[in-house]
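Heads up: the structure comes next, in structure tokens.
The values are calculated or read from the model by the stated rules, or taken from the named source; none is laboratory data. All values reported here derive from a predicted model rather than from experimental measurement. All Cβ positions, even for glycine, are placed from backbone atoms using ideal geometry, and neighbour counts span all protein chains on display. Calculation scope for accessible area: heavy atoms of the full protein, side chains included, ligands and nucleic acids excluded. Shrake-Rupley method; radii C 1.70, N 1.55, O 1.52, S 1.80 Å.
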Amino acid sequence: VREQALLKNNIYEEVNKNAKTLILEVTEDCNIRCTYCIYDEANSSERNHREKLMSKDIAFKALDDFYKRTDGVEAYLVFYGGEPLINFRLIKELVEYANEISNGGIKFSLTTNGVSLDENKFQFFVENEFKLTVSLDGPEFIHDLNRKTKNGKGTFDIVESNLRSFMEYDEKYYFSNIDLNCTITNHLDI
């Protein structure tokens, strides 16, 4: 029993002084409807694509709490969703605040479906040295099987165009800071 208490206290201490990563789901909403997404309206046991955004108050409190528990040297703030770019305004405010409280010591990451990428966001990501993960499920005929707009059209052409524009905007950043994420489904026989 004593060993368990010590272990619990040590875990509590370690968690409270060595936080490394905060992942914020800044929205549950998404601008596309992937056929394999577990967060769609058809799956009643999970949340769905509600137009729900994280409030600024909750986000800032989470960031304050997180940063107090870091070592001040290695800290990562990850934005996730739904599609996090739907709440881009909050992301910008959080990054500005994170840079203030950490003197630029917090590193940023974001996972996106790539549909909402544009030059305004390119500039922001480059300036703040974001690591980006963009979902692209392969060539058009595979990607468009599952990654569709709300009205059922494939998104490959949109994502490809946005990625090409980003590469033209800043090729060095593009090849150093953007990764692609591929979801493998039953439609594919690897």
Matching entry among GLY82, GLY105 (being touching an Asp or Glu at 6+ places or on another chain (Cβ under 6 Å) and open to solvent by less than 40 Å² (accessible area, probe 1.4 Å)): GLY82
Counting only residues that are in contact with a Phe, Trp or Tyr (Cβ under 8 Å, 6 or more places away or on another chain) and in contact (Cβ under 8 Å) with a residue 60 or more places away in the chain, the range 113-134 contains a total of 1
Can you tell me which residue among LEU63, LEU110 is open to solvent by less than 30 Å² (accessible area, probe 1.4 Å), in contact with a Phe, Trp or Tyr (Cβ under 7 Å, 6 or more places away or on another chain), of a type in the set (A, V, I, L, M) and assigned to a helix (DSSP H, G or I)? LEU63
What are the pairs, 6+ residues apart or on separate chains, where a residue within the range 57-83 that is without any contact (Cβ under 8 Å) to a residue 60 or more places away in the chain has its Cβ under 9 Å from a residue that is among the acidic types (Asp, Glu) and open to solvent by less than 30 Å² (accessible area, probe 1.4 Å)? GLY81/GLU28; GLY81/ASP29; GLY82/GLU28; GLY82/ASP29; GLU83/ASP29
For the range 141-190, enumerate the residues that are surrounded by 12 or more Cβ atoms within 10 Å (Cβ to Cβ) and among the aromatic types (Phe, Trp, Tyr). PHE156, PHE166, TYR169, TYR173, TYR174
Which numbered condition in (1) open to solvent by 30 Å² or more (accessible area, probe 1.4 Å); (2) aliphatic (A, V, I, L, M); (3) not in a loop (DSSP other than H, G, I, E, B) is the only one that VAL73 fails? (3)
In the range 115-169, what residues are touching a strand residue (DSSP E or B) at 6+ places or on another chain (Cβ under 6 Å), part of a loop (DSSP other than H, G, I, E, B) and within 17 Å of VAL78 (Cβ to Cβ)? ASN128, PHE130
Of the residues that make up the range 48-58, is at least one open to solvent by less than 40 Å² (accessible area, probe 1.4 Å), charged (D, E, K, R) and either within 16 Å of the chain's Cα centre (by Cα) or within 29 Å of SER165 (Cα to Cα) (or both)? no
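Determine, yes or no, whether GLY104 is under 21 Å from ARG69 (Cβ atoms) and either touching a helix residue (DSSP H, G or I) at 6+ places or on another chain (Cβ under 8 Å) or of a type outside the set (S, T, N, Q) (or both). Quick ask: steps written out before the conclusion?
Details: under 21 Å from ARG69 (Cβ atoms): yes; either touching a helix residue (DSSP H, G or I) at 6+ places or on another chain (Cβ under 8 Å) or of a type outside the set (S, T, N, Q) (or both): yes.
In short, yes.
Would you check if PHE88 is at pLDDT 95 or above, in contact with a helix residue (DSSP H, G or I) (Cβ under 6 Å, 6 or more places away or on another chain) and either within 30 Å of GLY138 (Cβ to Cβ) or in a loop (DSSP other than H, G, I, E, B) (or both)?
Values: at pLDDT 95 or above: yes; in contact with a helix residue (DSSP H, G or I) (Cβ under 6 Å, 6 or more places away or on another chain): no; either within 30 Å of GLY138 (Cβ to Cβ) or in a loop (DSSP other than H, G, I, E, B) (or both): yes.
No, not satisfied.
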